[in-house]
Structure formats: structure tokens, C-alpha cells
Amino acid sequence: MNLAPSQLHPNSMAFLRAFELVCQYLEMESIVSLFFRIFKLQRQPSKDGRHGWVSLKQQ
């Protein structure tokens, strides 16, 4: 993902945790490739042209 954890929007942590819980409930392994088939990264540019917040969006 090429980002620092501090760049991840706080709501995105809820997406990550919900994914883990659903996988646990369904007794399936939570794998990165499955996660990114459901969600995609959405980068918000900052005023100086660098990336600011990074959030997750359902596809």
C-alpha cells in the first residue's frame, strides 16, 4: 500500500476490523487479495501535492 499507518483514515480501521470479524465468523482465512477485491484505496491529495489521508472505499 506504500503508506504509513498514520496516513490511514480512522474510519478505515473499522473496515479492516469488520473484514477480520466477518472472515472469522465465516471460518475463512482473511487474506489481502480478498480484502482488495472488496475494498479499494482512495488517496486524498494534500495542499502541498503529497498524499494526505488514505481511506478505504467499497468497490
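The values are calculated or read from the model by the stated rules, or taken from the named source; none is laboratory data. It should be emphasised that the depicted structure is a prediction, and the values quoted were computed from it without experimental measurement. Positions of Cβ are generated from backbone atoms using ideal geometry, with glycine treated the same way; all protein chains shown enter the neighbour counts.
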inquiry  = Being in contact (Cβ under 8 Å) with a residue 12 or more places away in the chain, surrounded by fewer than 10 Cβ atoms within 10 Å (Cβ to Cβ) and under 10 Å from the mean Cα position of the chain (by Cα): is that true of Q58 here?
reply    = yes
request  = May I ask you to list pairs of residues, at least six apart or on different chains, whose Cβ atoms are under 8 Å apart, with the first in region 6-19 being without any contact (Cβ under 8 Å) to a residue 12 or more places away in the chain and the second being outside any helix (DSSP H, G or I) and among the polar types (S, T, N, Q)?
outcome  = none
request  = Could you check K47 against (1) assigned to a helix (DSSP H, G or I); (2) over 11 Å from the mean Cα position of the chain (by Cα); (3) basic (K, R) and say which number it fails?
outcome  = (1)
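Quick check on my filter: what residues within region 20-40 are under 24 Å from S6 (Cβ atoms) and either touching a helix residue (DSSP H, G or I) at 6+ places or on another chain (Cβ under 9 Å) or among the aromatic types (F, W, Y) (or both)?
S30, F35, F36, I38, F39
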request  = Give the number of residues within region 11-37 that are loosely packed, with under 12 Cβ neighbours inside 10 Å, more than 13 Å from the chain's Cα centre (by Cα), hydrophobic (A, V, I, L, M, F, W, C) and not in a loop (DSSP other than H, G, I, E, B).
outcome  = 1
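Would you tally the residues in region 9-59 being among the charged types (D, E, K, R), at pLDDT 90 or above and out of contact with any strand residue (DSSP E or B) (no Cβ under 8 Å at 6 or more places or on another chain)?
Here the count works out to 5.
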message = Here are the criteria: (1) more than 13 Å from the chain's Cα centre (by Cα); (2) part of a loop (DSSP other than H, G, I, E, B). Tell me which single one N2 does not satisfy.
response = (1)
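Determine, yes or no, whether L3 is in contact (Cβ under 8 Å) with a residue 40 or more places away in the chain, surrounded by 10 or more Cβ atoms within 10 Å (Cβ to Cβ) and touching a helix residue (DSSP H, G or I) at 6+ places or on another chain (Cβ under 8 Å). If you could, list the steps in order and put the result at the bottom.
On the way: in contact (Cβ under 8 Å) with a residue 40 or more places away in the chain: yes; surrounded by 10 or more Cβ atoms within 10 Å (Cβ to Cβ): yes; touching a helix residue (DSSP H, G or I) at 6+ places or on another chain (Cβ under 8 Å): no.
Judged against the criteria, L3 is not a match.
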